[in-house]
Amino acid sequence: EYAVDGTSSWSALTVSSGAATIAITGANGTRTIYARATDYAGNASAAVSQTIIMDTTAPIISNASLTSPSGTYAKAGTLVTLTFDASDSGGSDLSGLPAVVFKSGGNAVAGSVSVTAGPVPSYTASYTTNAADSDGPISYTINAIDGAGNTAQLNAWLAANGGTGAASDVCGGVTWSN
């Protein structure tokens, strides 16, 4: 049997091949799962417990800004910098650094992208353009994953805040089309 967040209400637990799966519903935050064995005569063992962090909330990405030293243009050898905030209100915090993909002219850039954490919740991603990059607007995708595996992408944030289509930035303010 198992119980969640207290031992006053027990539910049947099905064990298959030595493992049991239970569905936990309810609020995010610290949750305690209890388990015990009960025999056919109704005798129950002492309960054992495990504390988990329930997190069903995706991280939030906001305040994205792409810049280059010349403002709106970049040529081979130009350092392009993206700053953004990423946070998780679900309780499990971000799992590692957010992943950032830069595209130039619609194609992934040839150079490596460096992502560093600043003062929480700020991050910076940068790359140096090179001659192999395609001509055209520089755009990006940001993906953050929290400790529970929930993901957030900037495009999802834009959609939730009135925008549709893909996020893009031409070395200036974030733009999207409705």
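The values are calculated or read from the model by the stated rules, or taken from the named source; none is laboratory data. From a predicted model like this one, the values you see are computed outputs, not experimental measurements. Glycine gets a Cβ as well: all are built from the backbone with ideal geometry, and neighbour counts include every protein chain shown. Ligands, DNA and RNA are stripped out before the accessible areas are found, and what is left, the full protein with its side chains, is counted by its heavy atoms. Shrake-Rupley method; radii C 1.70, N 1.55, O 1.52, S 1.80 Å.
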Open item on the list: Six or more apart or on different chains, Cβ atoms under 6 Å: show the pairs whose first residue is in segment 127-144 and within 14 Å of Gly77 (Cβ to Cβ) and small (Gly, Ala, Ser) and whose second is open to solvent by 50 Å² or more (accessible area, probe 1.4 Å) and not in a strand (DSSP E or B).
Closed with: Ala131/Ala76; Ala132/Ala110
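Have a look at Val80, Val115, Val100 and point out the one that is over 28 Å from Thr56 (Cα atoms) and open to solvent by less than 50 Å² (accessible area, probe 1.4 Å). Working first, answer last.
Numbers: Val115 fails: over 28 Å from Thr56 (Cα atoms); Val100 fails: over 28 Å from Thr56 (Cα atoms).
Criteria check complete, one pass: Val80.
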Task: segment 14-27 - residue that is touching a Ser or Thr at 6+ places or on another chain (Cβ under 9 Å) and open to solvent by less than 60 Å² (accessible area, probe 1.4 Å) and, of those, modelled with the lowest pLDDT - done: Ala20
Task: Unmet requirement for Thr128, which otherwise passes all of (1) within 16 Å of Pro59 (Cβ to Cβ); (2) open to solvent by 50 Å² or more (accessible area, probe 1.4 Å) - done: (1)
Open item on the list: Condition check: assigned to a loop (DSSP other than H, G, I, E, B), hydroxyl-bearing (Ser, Thr, Tyr), open to solvent by 30 Å² or more (accessible area, probe 1.4 Å) and touching a Gly at 6+ places or on another chain (Cβ under 8 Å). Does Thr30 satisfy that?
Closed with: no
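Would you list the strands (runs of 3 or more DSSP E) that sit entirely within segment 42-154 and hold 3 or more residues that are under 30 Å from Ala3 (Cβ atoms), modelled with pLDDT of 85 or more and not small (Gly, Ala, Ser)? Break it down stepwise before answering.
On the way: elements: 48-54, 60-67, 79-87, 99-104, 114-117, 122-128, 138-145, 151-153.
Strands (runs of 3 or more DSSP E) meeting the threshold: 48-54.
Does Gly71 satisfy being open to solvent by 50 Å² or more (accessible area, probe 1.4 Å), of a type outside the set (Ser, Thr, Tyr) and closer than 30 Å to Gly136 by Cα?
Numbers: open to solvent by 50 Å² or more (accessible area, probe 1.4 Å): no; of a type outside the set (Ser, Thr, Tyr): yes; closer than 30 Å to Gly136 by Cα: yes.
Against the criterion (open to solvent by 50 Å² or more (accessible area, probe 1.4 Å), of a type outside the set (Ser, Thr, Tyr) and closer than 30 Å to Gly136 by Cα), Gly71 does not qualify.
Among the residues of segment 48-66, is any farther than 20 Å from Ala152 by Cα, surrounded by 15 or more Cβ atoms within 10 Å (Cβ to Cβ) and touching a residue at least 12 places away in the same chain (Cβ under 8 Å)? Spell out how you get there, then give the answer.
From segment 48-66, those farther than 20 Å from Ala152 by Cα are 48-52; that's our starting set.
Narrowing the set further to residues that are surrounded by 15 or more Cβ atoms within 10 Å (Cβ to Cβ) leaves none.
Within segment 48-66, not a single residue is farther than 20 Å from Ala152 by Cα, surrounded by 15 or more Cβ atoms within 10 Å (Cβ to Cβ) and touching a residue at least 12 places away in the same chain (Cβ under 8 Å).
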